[in-house]
Amino acid sequence: MRFDESNDEHIELVLENNTFGEQVLVRGIEGSSISVGDIFEVEGGLSPLVVEVTSPRHPCAFIDRKHKSPFGVKGLRRYCMTHALAGWFTRVLVPGELRDGMVFTRTAHPYPKWTMTEIAKALYSEGDKRELLRGKAHWKRSIEELRELCQLKPLGNYEWKDKALHILETMEKELEEREEKEVEKAEGDGMKKRKTLEEAEDDSSFFQRLSQSFNSACGIWCSASELLFYCEPSPEQASTA
């Protein structure tokens, strides 16, 4: 796999056997179709071999040095790690013989959702970082998926389940802090609204009292005018008198 240093995508894939220090080479299957917990049996030897898939392979930095690719996020190691192209690990359930030309037969596929590719992208691609910038609904969905991943018994601990637990704890803490801020903001907005309503009620009460005082004053003035009007004699009455 040759890389252009100005681009993080591969140009050509030309790798010889044992490029990644692999111990077993198989044909006809890829990381996108292998899932954690898959069980394979090999027959034809003196005793049947049974293995269980545990995790993708996490290659070391020697891969970049060996193939003269850029180090870091644009290197061969990083690309293969995030796309599950460096193979996968298995645990031996039943020891047996393995020779060149033998056929692996998959006898169990309990977690089809969690392929090697999906696990690698979930834990080591940039997707988990971008997820932190999205809305709360995306966060909750990601958290639920991480919880599901952490509960997979066949998943290897080192570099995988441990990594998933770390990301899960970080996201749960961040989500809790985000929700607390939302509650504080909602409470603050509620207090501001109540204060505004109280001020409006105070203003309304003030103007109501002012209006009542004005009406009372007008009433007194009107009553006095009427009283003076009816008490004051007319000119005819005055001339007659």
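The values are calculated or read from the model by the stated rules, or taken from the named source; none is laboratory data. Just so we're clear, the structure is a prediction, and the values are computed from it rather than from any experiment. With ideal geometry, Cβ positions are generated from the backbone for all residues, glycine too; neighbour counts draw on all protein chains shown.
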Cβ-Cβ distance below 9 Å, separation of 6 or more or different chains: which pairs start in segment 95-113 with a residue that is assigned by TED's automatic domain parsing to the domain that holds residue 39 and end on one that is assigned to a strand (DSSP E or B) and of a type in the set (D, E, K, R)? 96/41; 104/41; 105/41; 106/41; 107/41; 108/52
Restricting to segment 21-51, and then to whatever is surrounded by 17 or more Cβ atoms within 10 Å (Cβ to Cβ) and within 32 Å of the chain's Cα centre (by Cα), can you tell me which residue is modelled with the lowest pLDDT? 31
Taking the residues in segment 104-162 that are touching a helix residue (DSSP H, G or I) at 6+ places or on another chain (Cβ under 8 Å), within 23 Å of residue 24 (Cα to Cα) and not aliphatic (A, V, I, L, M) as candidates, determine which candidate is modelled with the lowest pLDDT. 160
Contact list, first residue from segment 27-53 and in the same structural domain as residue 102 (by TED's automatic domain parsing) and farther than 14 Å from residue 103 by Cβ, second anywhere and hydroxyl-bearing (Ser, Thr, Tyr) and in a loop (DSSP other than H, G, I, E, B), beta-carbon distance below 6 Å, six or more apart or interchain, is 35/111; 36/111; 37/111
Out of the residues in segment 76-126 that are part of a strand (DSSP E or B) and among the basic types (Lys, Arg), which is farthest from residue 35 (Cα to Cα)? 91
Test residue 163 against the criterion of being assigned to a helix (DSSP H, G or I), farther than 28 Å from residue 89 by Cα and out of contact with any Pro (no Cβ under 7 Å at 6 or more places or on another chain), and give yes or no. no
